[in-house]
Amino acid sequence: MGIVLFSFGQAPLSPQNNPVDYSLVKNESSKMKWFVLQDTMKIEIGTIQTDVQKKGNELIVISTIDLNRSPVKWVDSTIVKTDRFKPVYHSSYNQQRDMALHFKEEITGYYLDKMNNKKVMILEKADESYFDSNFYPQLIRWLPLKEGYSDIISIFDYNPVAKIGVITATITQVKDSTLLSHGLPKETWIVTTTDDISDNEVVSTYYIEKSSRKVLKQEIDIKGKKMLMELID
């Protein structure tokens, strides 16, 4: 792995410092199979459907997770402004908890812990510019990626058992590669990221097709445990 150098005088990426190529942002739907890797075994645990849609001056991203052993689908929704990707709304619903955030001058909403039947009303304030933490995996697809690229991204995350507030995600490395996908070679950017949500202990690697900027594959390394997502369509 090459050495990654960051300029600490450089501002992190945010809606106020956004180098995205907006011509790459398109309405799209994709579906990935989700696997857990154990030794030599590849165990399918579910699917992830992601829909991206422009609607007026907003961009809507909806992810639906269908786990094989869960009777209920997990649904995450994110709305951002189309011009600078300033966050507007985020919600997340699953068996463990429900959450909704409204981003204005203040961040308001609620967090419902279903396991303990405890609901917390949210009122937070952030002075600096930031992206929604749920949006940054989409954001990196549209950045000016190139061999050796690295950057820091300002994100807001709300997680009572981890972090609350503005933190950072880091693109540690970008490599030029070719990936065999559905039997065809695809020119690909391999983008490695981590973030403060996991104290930078979880590493996500995205295999992004250069022409379409679709994620063909994603690998997640969680303290030695590995997960894999692969594009179906």
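Quick note: the coordinates plus some simple rules give every number you see, no bench work behind them. Given the structure is predicted, the values throughout are model-derived calculations rather than measurements. Glycine gets a Cβ as well: all are built from the backbone with ideal geometry, and neighbour counts include every protein chain shown.
A few points about this structure:
- Pairs from the table (LYS114/LYS217; LYS104/LYS163; LYS86/LYS118; LYS118/LYS226; LYS26/LYS146; LYS119/LYS217) lying more than 27 angstrom apart at Cα are LYS114/LYS217; LYS86/LYS118; LYS118/LYS226; LYS119/LYS217.
- For the chain, radius of gyration divided by Kirkwood radius, i.e. Rg to Rh on alpha-carbons: 0.94
- Longest DSSP-loop-exposure-free segment, GluC sites (Glu not before Pro), the chain, at most 14 other Cβ within 10 Å: 1-104
- What you get for the chain, charging only the Cβ of Lys and Arg (+1) and of Asp and Glu (-1), is a dipole of about 520 debye around the Cα centre.
- Mean residue ellipticity at 222 nm, helices only, the chain: 0 deg cm²/dmol; runs of at least 4 DSSP H residues each add -39,500 (n - 2.57), and the sum is divided by the number of residues.
- Selected from MET99, MET41, MET32 as most flexible by GNM, with the chain as the system and alpha-carbon contacts under 10 Å: MET41
- Translational diffusion coefficient of segment 47-161 (Stokes-Einstein, Kirkwood radius from Cα pairs, 4 °C, 1.567 mPa s): 83 µm²/s.
- Charged-residue dipole, Cβ positions (Lys, Arg, Asp, Glu), segment 48-104 about Cα centre, Debye nearest 20: 180 debye
- With Cα atoms as the point set, the radius of gyration and Dmax of segment 98-233 evaluate to 17.0, 50 Å.
- Here the Gaussian network model covers the chain, with springs between Cα atoms less than 10 Å apart; of GLY148, GLY183, GLY165, GLY183 fluctuates the most.
- Value of D in µm² per second that Stokes-Einstein yields for segment 14-58, Kirkwood Rh from Cα pairs, at 25 °C (0.890 mPa s): 177 µm²/s
- The mean sequence separation of alpha-carbon pairs under 8 Å and at least six residues apart, normalised by the residue count of the chain, gives a relative contact order of 16 percent.
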